Amino acid sequence: MVPACVLFLAPFVWLTLTAFKSRQDVFSLTPRWLPTKWVLTNFTEAWQALPFGALYINTFLISFGLLAVQFVTVSLAAYAFARMEFPGRDFLFMVLLGQLMIAPQSTVVPNYLTVSRLGLLDTRTAIALPYVASAFGTFLLRQAFKTVPRELEEAAAVDGCTGLNFLWRMLVPLSRPSYLAFGLVSVTYHWNEFFWPLIVTDTARSRPLTVGLGVFAQTAEGGAEWTLLMAATLIAVGPIILLFLVLQRKFISSFMMSGLKG
């Protein structure tokens, strides 16, 4: 595990240290891990060079707004596949899981044409629309819902708690670990997503942080300003790293307690 941790952490450590280096240290003939002089002005210059306020708002609205919609769609779908009986249920569930085997890049053209015909290009809605439904979230919650005993549902039905009422009052509270696991995975993925937002956005009014950083890296005269780019990247990924560190134990335990355990 130690070599694997070193392999995954080394790029992030290099990024963090580069954000505090001077330009002379970055372009030195002898690579240095530690800066000869710690520089803090990289962060102020990066903040002034990019509209971080708008980029943060866009990224936050896309990631957490989409998560709120996904909670509704995956909960309803998972309830149908886990607790309801209807013809072709298992076949439809297998078709849904087939989405997990399709690379998102392979659906870019039809998704782009759909968004374009709806007149949603260069909007936050265009970025979120293809991900409103989640096969992974549906599978995760379906497995969690299936662990709830039928006897509990029958007892709730006696008290008049049936259908969506049972979903809201019983299944959702009992499946909180699975909701937390899916929420962290979804927010992290869409916070870091780059390819699809780059395709459907043209201006800073709807671009997320990842696209803003990519455009910033290409606009510098004489090549990328690596110190500023690393500082800007650290500013962009800081909140999601902090969120993971705060919820790390709950994140791990939620997967252990979720439907993936069996």
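Worth pointing out:
- Å³ per residue enclosed by the Cα convex hull of the stretch 58-191: 127
- Using the average count of surrounding beta-carbon atoms within 10 Å as a protection proxy, the listed peptides 181-192, 47-58 rank, highest first, as 181-192, 47-58.
- Pairwise centroid distance, computed over Cα atoms, of the stretch 171-221 with the stretch 106-155, Å: 15
- 13 Å beta-carbon shell around ARG142, net charge (K/R +1, D/E -1): +2
- For the chain, excluding the exposed loop sites themselves (trypsin sites (Lys or Arg not before Pro), DSSP loop, at most 16 other Cβ atoms within 10 Å), the longest remaining stretch covers 38-204.
- If the segment from TRP14 to LEU34 were pulled out straight at 0.36 nm per residue, it would be longer than the present Cα-Cα gap by 6.3 nm.
- Using Cβ point charges alone (K and R +1, D and E -1), the dipole size of the chain about the Cα centre works out to roughly 340 debye.
- Dipole axis of the chain (+1 Lys, Arg; -1 Asp, Glu on Cβ), positive-most option in THR16, VAL237, LEU209: THR16
- Here the extension length gained between THR114 and GLU153 equals 10.0 nm, from 0.36 nm per residue of separation less the Cα-Cα distance.
- HN-Hα J in Hz across the stretch 74-80 - Karplus 6.51, -1.76, 1.60, θ = phi - 60°, x for Gly and Pro: 6, 5, 5, 5, 5, 4, 5
- When the square roots of the Cα gyration tensor eigenvalues are ordered a ≥ b ≥ c, the ratio a/c for the stretch 48-113 is 1.5 or more and a/b does not exceed b/c, which makes its shape oblate.
- In order along the stretch 196-204, the phi-based Karplus estimate (6.51 cos²θ - 1.76 cosθ + 1.60, θ = phi - 60°) of 3J(HN,Hα) comes to 5, x, 5, 6, 9, 10, 10, 10, 6 Hz; Gly and Pro are listed as x.
- FRET efficiency estimate (nearest 0.05) - Cβ-Cβ, LEU76 to THR107, R0 25 angstrom: 0.65
- All alpha carbon pair distances within the chain were sorted into 10 Å bins beginning at 0; the resulting P(r) in whole percents reads 6, 23, 28, 23, 13, 5, 2, 0.
- Each residue of the stretch 38-50 is assigned a 3J(HN,Hα), and the resulting list reads 6, 10, 9, 5, 4, 6, 5, 5, 5, 5, 6, 7, 10 Hz, derived from the Karplus form 6.51 cos²θ - 1.76 cosθ + 1.60 (θ = phi - 60°), x at Gly and Pro.
- Computed lengthening from LEU121 to VAL26, 0.36 nm per intervening residue step minus Cα-Cα distance: 30.4 nm
- Of ILE235, ILE62, ILE127, the residue with the greatest mean-square motion in the GNM of the chain, using alpha carbon springs below 10 Å, is ILE235.
- Between VAL200, VAL72, VAL158, the residue with the greatest mean-square fluctuation in the GNM of the chain (Cα pairs under 10 Å linked by springs) is VAL158.
- The residues neighbouring GLU153, those whose beta-carbon lies less than 12 Å from its own, together hold a net charge of +1 under the Lys/Arg +1, Asp/Glu -1 convention.
- Seen from every direction in turn and averaged, the convex hull around the alpha carbons of the stretch 162-248 projects onto 8.3 nm².
FYI, it's all coordinate maths here, none of it is from the lab. From a predicted model like this one, the values you see are computed outputs, not experimental measurements. Counting neighbours? That spans all protein chains shown, and the Cβs are built from the backbone with ideal geometry, glycine included.
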